[in-house]
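Since every read-out is calculated from the coordinates, none of them should be taken as a lab result. Predicted, not measured: the structure shown is a model, and the values here were computed from it. Positions of Cβ are generated from backbone atoms using ideal geometry, with glycine treated the same way; all protein chains shown enter the neighbour counts.
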Amino acid sequence: MFDNTDKGEIEVKKIIIVLGVLLVLSMGIAGCNNSAKGNSTQNENSETKLSKDDLWKIYSINSEFYFDKISLMTNQKENNMTDDEIVNKLNESIKLFETSKKELAENNSNPELTAALLDYNKAITQAFSILVENGFSKAEEAGELSKKAGELMRSISDNYFDGKLPESAESFFNKSDEATTNDDSEVAEQRKEFDTNIKENYNGLNFTISHVLIAKATQKFMDENNLTTNGLVSVHFSIDNTSTHDFTTFPDQAELVVDSQQVDADLNNSDHIGGSIYKGVKKEGDIHFFVPEINDVNNIKELRLKWLSSDQNAHDTKEHDIVINLQ
């Protein structure tokens, strides 16, 4: 169950923000290269044939139940809802998701869209099930699934519905944007984002660093959340193994030099894009670094990143050493 202490409420609020923000941010990523066309098993003997309009309705209803419960959790205190009431609401959504899963699994038309919707359904079902069974003790895992759901949603909308999002998703993102604007001054004293185009190639293993976020937390936010560091740097990586063999790489264990400080990547909170990467595989995600003290975001002119990769075919190791110019 969820922790009802004051500290617990702060942590719950933090985690729900993470769930929402991860999903909102993931909508900005163009497409989802790992969309699972044909990954989900369907009953080929079924005579059920759902039209594209029918599938849109299932997509919209699942999204409505998903975003409605995310909003309830985010505003649990304001809505005077108990933990048990939240759990009951989550279970209601899970039951609906299971019904939708059955409909989709029995469908024998629009196979690629149906497979993508099954994967979306699976991600949101697992995210809620984790929270029901474990409270927020496994919030990171639920957050990863929420991010995956956002990526799948963008892929589904772009590939099958001309970029159109379900109404509930549009409403949630608009409210999140307003809340972010209103709350930003309480969370971040300074925040800057940079579009970068850093490319690195190692024997056919291609890295792209396309985006960097640097933020300095307010003292109020630090005090409320018992934080001892005030800085955050997030680096967005894309990795593409275009070679004919396998690699291991560890950008999620990178070292960062920023503002005369050397810090390690936060492996627990970063996306898990490290480890083995087989031929033809693509990975994408954000690597987070918590910086002890940032004095002024505007004074940070460059970042230096170092991480290791190994070519399993050539049996050698490369230390990547990248400087990102932010001027």
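Odds and ends about this structure:
- Selection of GluC sites (Glu not before Pro), region 43-95, meeting DSSP coil and at most 10 other Cβ within 10 Å: Glu44, Glu47, Glu78
- Counting charges near Ala149 (Lys, Arg +1; Asp, Glu -1) among other residues having Cβ under 11 Å from its Cβ returns a value of +1.
- Two-site label geometry, Ser129 and Gln327: point separation in nm, points 7 Å out along Cα→Cβ: 5.4 nm
- Segments 193-200, 211-218 sorted - mean Cβ within 10 Å per residue, highest first: 211-218, 193-200
- Segment Gln262-Asp195, extension gain: residue separation times 0.36 nm, minus the distance between their alpha carbons: 21.9 nm
- Seen from Gly163, the other residues with C-beta closer than 12 Å to its C-beta sum to a net charge of -1, counting Lys and Arg as +1 and Asp and Glu as -1.
- Over all other residues within a Cβ to Cβ distance under 15 Å of Glu293, the charged ones net out to -2, with Lys and Arg as +1 and Asp and Glu as -1.
- The modelled label-to-label distance between Asn174 and His320, using points 7 Å beyond Cα along the C-beta direction, is 3.9 nm.
- The distance between label points at Glu103 and Asn313 comes to 4.7 nm (points 7 Å beyond Cα on the Cα→Cβ vector).
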